[in-house]
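What follows is a single structure, written as structure tokens, with notes after it.
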Amino acid sequence: MKPRDTKVVLCGGIRTPIGHFAKSLASVSPEHLLMLTINALLAKTTLYPHAVDGVMAGWVGQGSHAPNIARIAVLLSHLPEKAHAVTVQANCVSGLEAISSAARHIVMGEGDVYIAGGTESMSTFPYAIRGDRSIKELRSMETVRANWSSLLEHEGIGIVDCIEEGLNDPVRNLNMAATAEVCAQMYSIERKPQDDYAYETYRRCLTAENAGFTPPT
């Protein structure tokens, strides 16, 4: 495969409202959020669905209920079945990595039009039973139910909160907040420059909006 000498552009964008944890959007699944976003994007841009070659979707909290959530969203949306789909997991940059992946597919000539972005619903992160299935209590759903009241008495079985587990680095045993503190110390980043950077970001955004520029919604 050889890369094409082609220009890749972002042609439009849309997003769902940002919901609070365990509030009004808590019952909406991430695949449904992605499907709604794709359909709204097609309507907003009048993009012909059959022109879409594929969907790249970032999803941090990947669960077994929607394996390859990008493909699930394709099948639930107005896109054709022929559109290929890839789900990306790169933690906080999953959505950006999905966009980069779409660009690479275009450059390599695998397609011309892609929908790329991300989806997440931390309100639907489950609690999980940890333990291998060599433990007789975990051999099947029937044995789990039969031994439910005494599961945690077994030293090889535990129940974890997938939010806490997913936001923790298992190699260094640090959560995201602690990791940020470590990075700030390693690179001598003080609080004021961080606040100034955030302030400047909002200032530029408001200046552009007041000047008539409307970002994608």
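Scanning the chain for GluC sites (Glu not before Pro) in DSSP loops with at most 12 neighbouring Cβ atoms within 10 Å leaves 1-80 as the longest stretch between them. Since only Ile135, Gly166, Tyr114 are under comparison, the one whose Cα sits farthest along the positive direction of the charge dipole of the range 70-207, derived from C-beta charges on Lys, Arg, Asp and Glu, is Tyr114.
In square angstrom, what is the accessible area per residue of the range 58-165 with a 1.4 angstrom probe?
59
The angle separating the long axis of helix 30-45 from the principal Cα axis of greatest extent in the chain is about 10 degrees.
Two decimals is fine: what is log10 I(q)/I(0) at q = 0.15, 0.17 Å⁻¹ for the chain, from a Debye sum with one equal scatterer on every Cα and no solvent? Cα-only, vacuum Debye calculation for the chain: -1.17, -1.29. As an equivalent ellipsoid, the range 55-95 spans semi-axes of 19, 11, 7 angstrom, where each value is the square root of five times an eigenvalue of the C-alpha gyration tensor, largest first.
Projecting the Cα atoms of Val28, Asn175, Leu42 onto the dipole axis of the chain, where Lys and Arg carry +1 and Asp and Glu carry -1 at the beta carbon, places Leu42 farthest toward the positive end.
Note: the range 105-217, Cα convex hull, 273 Å³ per residue. Relative to the longest principal axis of the Cα atoms of the chain, helix 191-210 runs at roughly 50 degrees. Projecting the alpha carbon convex hull of the range 96-145 along each direction and taking the average yields 6.6 nm².
The dipole here belongs to the chain: it is taken about the Cα centre, uses +1 on the Cβ of Lys and Arg and -1 on the Cβ of Asp and Glu, and is about 520 debye. Any chance you could tell me what percent of the C-alpha pair distances in the range 1-114 go past 20 Å? Result for the distance tail: 42 percent.
The values are calculated or read from the model by the stated rules, or taken from the named source; none is laboratory data. This is a predicted model, so every value here is computed, not measured. No Cβ is skipped: glycine too gets one built from the backbone with ideal geometry, and neighbour counts run over all protein chains shown. Side chains are part of the model used for accessible areas, which takes the heavy atoms of the whole protein and leaves out ligands, DNA and RNA. Shrake-Rupley method; radii C 1.70, N 1.55, O 1.52, S 1.80 Å.
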